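Beneath this line is the structure, given in structure tokens, with notes to follow.
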Amino acid sequence: MASRVPLQLVLNRIKSVRCFGTVTEGIASSTASSRHLIGLEHDYSAHNYHPVPVVFSHGKGSTIWDPEGNKYLDFLAAYSAVNQGHCHPTIMKALIEQAQTLTLSSRAFYNDKFPVFAEYLTKLFGYDMVLPMNTGAEGVETALKLARKWGYEKKRIPKDQAIIVSCCGCFHGRTMGAISMSCDNDATRGFWPLLPGQLKVDFGDEAALKKVFEEKGEHIAGFLFEPIQGEAGVIIPPDGYLKAVRELCSKHNILMIADEIQSGIARSGRMLACDWEGVRPDVVILGKALGGGVIPVSAVLADKDVMLCIQPGEHGSTFGGNPLASAVGIASLQVIQDEKLAERSAEMGEELRRLLTKTQQRFPEIVMEIRGKGLFNAVELTSKSLFPATAYDLCIKLKERGILAKPTHNATIRLTPPLSISLDEIREGAKAFHDVLEHDLPKLLKEKPKPASPKARDTCDRCGRELYG
């Protein structure tokens, strides 16, 4: 995890930045400066994030402007929540029209939008039923409860003995249930005891999954996994892994639960990342881009034999399935389909990786690996060659060149722009990364104070192994 940066250093970075983007006349929309707004957030908001020091004031498509009117290209897309692009007109139209009519009914009553959304969503993805929630973490918690309930009612697991298996390096949110599966010490330290009933296997390791299923299968209710691990650094499983998971889950009567919150809704070049191997999970969790970057919308999909294990009073959400979210959800999915954003993601992703690979060939001692599917990509850097700089430092330099990206761990940069991004914008982002390595990194390595030795790698509290990055 990137080290905490004192506020004054962050503000100094803003003051000293030379912006390679243009200042667009008429775009500046805030009377408060970026410096002032960052100071306000530092003073009045919890310090649970370590943002790149740029303030979003206006957005359209792949482009962001700060309060001063400086223009940037967004290569994070709010962790895939704005796959359709910022403020997409179709989604905004649906939002405004519904907001002027009805926004909330709660689930104590019916409304005239959620049933339409439920039918559209389930038919699009091929499941019988949906349980609507708001955030991705709520979707994960819903899936965990559903798996346990199914395990006790249908699989007849003995009382209080249901197990959920998940993967090392996973990220499913920061609620107690989600961090109870985490290998991230920052997410778990200070929050123990974690929830019981959890087992871990290495992501992509078919043999390890087979072993734990054979040894504990009668008590395992579900296997929860990301088809592509996002927070771990866009980790792609070996070819055939997803098919093997499907076969093992079917053999041992274990629910295959795919967390497609970040990898789904066209991000990887398919509607679901599981589609790359043609597998159908028993449970799918959706979120982020389901709300089109406008409001939080999440959903859990399953067939009736699983979903109807949850009965009235056992789970719910006041805002889940609200008419505003339902209208936005329909519009968000229609944009994905109408604009063929899955196909576009696949095409643009190929070009981005081609350009990044050329940079890797130019700097093989710095760039260890380029990986991804569609526009779900990451650049892994060589920590030794980067030291004492970090991926966060390079993201600051990218920001100064008008490109917004975010690191995951100390040596990996995630590159996940909106799926509506243009070819010219892809090239602009790739060129900026090349220029950072060619021009900015050498200066950074000379100027940044160098400790006597690199910081010792942390070890996972759960398994004792060295953590990535």
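The values are calculated or read from the model by the stated rules, or taken from the named source; none is laboratory data. Because the structure is a prediction, the values reported are computed rather than measured. Positions of Cβ are backbone-derived with ideal geometry, glycine not excepted, and every protein chain shown enters the neighbour counts. Ligands, DNA and RNA are excluded from the accessible area calculation, which covers all protein heavy atoms including side chains. Shrake-Rupley method; radii C 1.70, N 1.55, O 1.52, S 1.80 Å.
Structure data summary
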{"read-out": "Hey, residue 233 on the phi > 0 side of the Ramachandran plot and open to solvent by less than 10 Å² (accessible area, probe 1.4 Å) or not", "value": "yes"}
{"read-out": "Members of region 313-324 found to be open to solvent by 10 Å² or more (accessible area, probe 1.4 Å) and assigned to a loop (DSSP other than H, G, I, E, B), listed by number", "value": "313, 314, 315, 316, 317, 318, 319, 322"}
{"read-out": "Number of positions in region 287-312 that are closer than 30 Å to residue 93 by Cβ and open to solvent by 10 Å² or more (accessible area, probe 1.4 Å)", "value": "5"}
{"read-out": "Residue within region 356-372 that is closer than 22 Å to residue 88 by Cβ, buried (at least 17 other Cβ atoms within 10 Å of the Cβ) and modelled with pLDDT of 95 or more present", "value": "no"}
{"read-out": "Options 346, 327, 331; residue that is in contact (Cβ under 8 Å) with a residue 12 or more places away in the chain and open to solvent by less than 10 Å² (accessible area, probe 1.4 Å)", "value": "331"}
{"read-out": "Positions within region 373-397 being surrounded by 19 or more Cβ atoms within 10 Å (Cβ to Cβ) and charged (D, E, K, R), in sequence order", "value": "373, 380, 393, 397"}
{"read-out": "Hits in region 119-148 - residues which are among the hydrophobic types (A, V, I, L, M, F, W, C), open to solvent by less than 20 Å² (accessible area, probe 1.4 Å) and within 18 Å of residue 337 (Cα to Cα)", "value": "121"}
{"read-out": "Residues being part of a strand (DSSP E or B) and over 20 Å from residue 351 (Cα atoms) - total across region 382-421", "value": "2"}
{"read-out": "Residue list for region 203-262, filter: free of Cβ contacts under 8 Å to residues at least 12 places away in the same chain and of a type in the set (A, V, I, L, M)", "value": "207, 208"}
{"read-out": "Members of region 287-312 that are within 17 Å of residue 129 (Cα to Cα) and part of a loop (DSSP other than H, G, I, E, B)", "value": "287, 297, 303, 308, 309, 310, 311, 312"}
{"read-out": "Among (1) in contact (Cβ under 8 Å) with a residue 60 or more places away in the chain; (2) open to solvent by less than 10 Å² (accessible area, probe 1.4 Å), the one test that residue 180 misses", "value": "(1)"}
{"read-out": "Enumeration of residues in region 31-85 that are open to solvent by 50 Å² or more (accessible area, probe 1.4 Å), in contact with a strand residue (DSSP E or B) (Cβ under 8 Å, 6 or more places away or on another chain) and among the acidic types (Asp, Glu)", "value": "68"}
{"read-out": "Residue in region 252-262 that is buried (at least 23 other Cβ atoms within 10 Å of the Cβ) and over 25 Å from residue 155 (Cβ atoms) present", "value": "yes"}
{"read-out": "Scan of region 184-230 for residues that are farther than 30 Å from residue 380 by Cβ, of a type in the set (A, V, I, L, M, F, W, C) and open to solvent by less than 60 Å² (accessible area, probe 1.4 Å), ordered by number", "value": "213, 220, 221"}
{"read-out": "Residue within region 361-376 that is part of a strand (DSSP E or B), over 21 Å from residue 236 (Cβ atoms) and in contact with a strand residue (DSSP E or B) (Cβ under 9 Å, 6 or more places away or on another chain) present", "value": "no"}
{"read-out": "Residue 284 being out of contact with any Pro (no Cβ under 6 Å at 6 or more places or on another chain), in a helix (DSSP H, G or I) and open to solvent by less than 30 Å² (accessible area, probe 1.4 Å)", "value": "no"}
{"read-out": "Test for residue 279: is it open to solvent by 10 Å² or more (accessible area, probe 1.4 Å), modelled with pLDDT of 95 or more, touching a His at 6+ places or on another chain (Cβ under 9 Å) and of a type in the set (Val, Ile, Thr)", "value": "no"}
{"read-out": "Any hit, region 429-436, residues being open to solvent by 30 Å² or more (accessible area, probe 1.4 Å) and modelled with pLDDT under 95", "value": "no"}
{"read-out": "Residue 400 vs. criteria open to solvent by 10 Å² or more (accessible area, probe 1.4 Å), touching a Phe, Trp or Tyr at 6+ places or on another chain (Cβ under 9 Å), modelled with pLDDT of 95 or more and of a type outside the set (Val, Ile, Thr)", "value": "yes"}
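Residue by residue, here is whether (1) touching a Gly at 6+ places or on another chain (Cβ under 9 Å); (2) of a type in the set (D, E, K, R) holds:
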| position | (1), (2) |
| --- | --- |
| 172 | yes, no |
| 175 | no, no |
| 186 | no, yes |
| 204 | no, no |
| 214 | no, yes |
| 225 | no, no |
